[in-house]
Amino acid sequence: MKHVIEVNNLRKEFKSYSSRQGLKGAFRDLLNRNYKVLRAVDDISFTVNQGEMVGYIGENGAGKSTTIKMLTGILTPTSGQVQVNGMNPHKEREMFVRTIGVVFGQRSQLWWDIAVQESFRLLKKVYKVSDEDYKNHMEHVIESLDIGPLLDKPVRKLSLGQRMRCELAAALIHNPPLLFLDEPTIGLDVLVKLKIRKFLKEMNEKYKTTILLTTHDLSDIEALCERVVMLDEGKIIYDGMLEKLRKNWGEGKQIQFQFSREVNSSELENVTVGLDTIWSQSERNNIWIANVRDDEEIVSELIGRVVGAYQIKDISINEISTEEIIRNIYEEGMMKI
């Protein structure tokens, strides 16, 4: 299988300066500044094959965006090797950018005061896309993302959801074999997210487009990616199939109870003592969630005890969500899975 991305012992360090207090400290800073080295990405290695859709996840400050910026040639690594589409991203910049598409959820590549279609035409010239290729490819993109009515509008007049669909289309004008998506659905409503997910699946199936996706919305990861790379404090703590992560760390049930009156955790723990249950309260009133092992006898016993002790308005039983699994991994401080 062809490797589209190859990363070996990649590291990125930043110098962080700190100021001393007072006038005397300010003078000392002029002569000798204090600084410490922050390692945003810490000797990571991974590969991505052609046609894969990989979720690159982690908490804020874990090093996700820094990695993306090195893979796209925006930042130069402190050390290590990077090859993307057979090229060094920061040394073969001009040739390299013709082979990738990039969408940063908080930055725009469209010109703010001109119509969307004029931005597309400019990008078409930049990437040297022929009229025939542009027509054949972009008709499908524009139709799939439902942005036809937006083409004659200035970017500044678009809503966030409309702009993000146009940003995605702009990144695909030259039909790149590799697409980097950094928080592409941030702040979007459910319908726009579904439209974008459906389109990305179509692109992957039709053109075998390789996609590296970073997001805090784990529903995007579940809908699109079979494989995840999990980052913590600049280090990779998991690289493998999402299903395997769920199997190893998601063995259990979540039982949601809606009570007729207010209850507290100590009451519930007393009722379910001996069942190895972890209780958490929902943001909604009088709703508590019990995390318990996936064992029929234990689940039945827990429900029986709670129903026998309280008046219940509603009960639901669910698998432990991916979001809950990943939250537990980070809270437990697991450095190796």
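The values are calculated or read from the model by the stated rules, or taken from the named source; none is laboratory data. None of these values were measured; they are calculated from a predicted model. Positions of Cβ are generated from backbone atoms using ideal geometry, with glycine treated the same way; all protein chains shown enter the neighbour counts.
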I'd like the residue in region 288-319 that is closer than 19 Å to residue 252 by Cα, aliphatic (A, V, I, L, M) and assigned to a strand (DSSP E or B) and, out of all such residues, is modelled with the highest pLDDT.
315
Across region 228-275, the tally of residues that are part of a strand (DSSP E or B), without any contact (Cβ under 8 Å) to a residue 60 or more places away in the chain and not assigned by TED's automatic domain parsing to the domain that holds residue 298 stands at 2
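Condition check ((1) of a type in the set (D, E, K, R); (2) part of a loop (DSSP other than H, G, I, E, B); (3) surrounded by fewer than 17 Cβ atoms within 10 Å (Cβ to Cβ)) across all residues:
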residue	(1), (2), (3)
36	yes, no, yes
40	no, no, no
43	yes, no, yes
51	no, yes, yes
54	no, no, no
Going through 143, 167, 139 one at a time, which residue ends up being outside any loop (DSSP other than H, G, I, E, B) and either touching a Phe, Trp or Tyr at 6+ places or on another chain (Cβ under 9 Å) or outside the structural domain of residue 116 (by TED's automatic domain parsing) (or both)?
167
Exclusive hit being closer than 28 Å to residue 221 by Cα, loosely packed, with under 13 Cβ neighbours inside 10 Å and of a type in the set (Val, Ile, Thr), set 190, 102, 126, 141:
190
Cβ-Cβ below 8 Å, separation at least six or inter-chain, first residue in region 287-302 and under 20 Å from residue 264 (Cα atoms) and in the same structural domain as residue 265 (by TED's automatic domain parsing), second surrounded by 17 or more Cβ atoms within 10 Å (Cβ to Cβ) and small (Gly, Ala, Ser): which pairs?
291/252; 292/252; 302/290
Given (1) buried (at least 17 other Cβ atoms within 10 Å of the Cβ); (2) more than 27 Å from residue 42 (Cα to Cα); (3) at pLDDT 90 or above, index of the condition residue 229 fails:
(2)
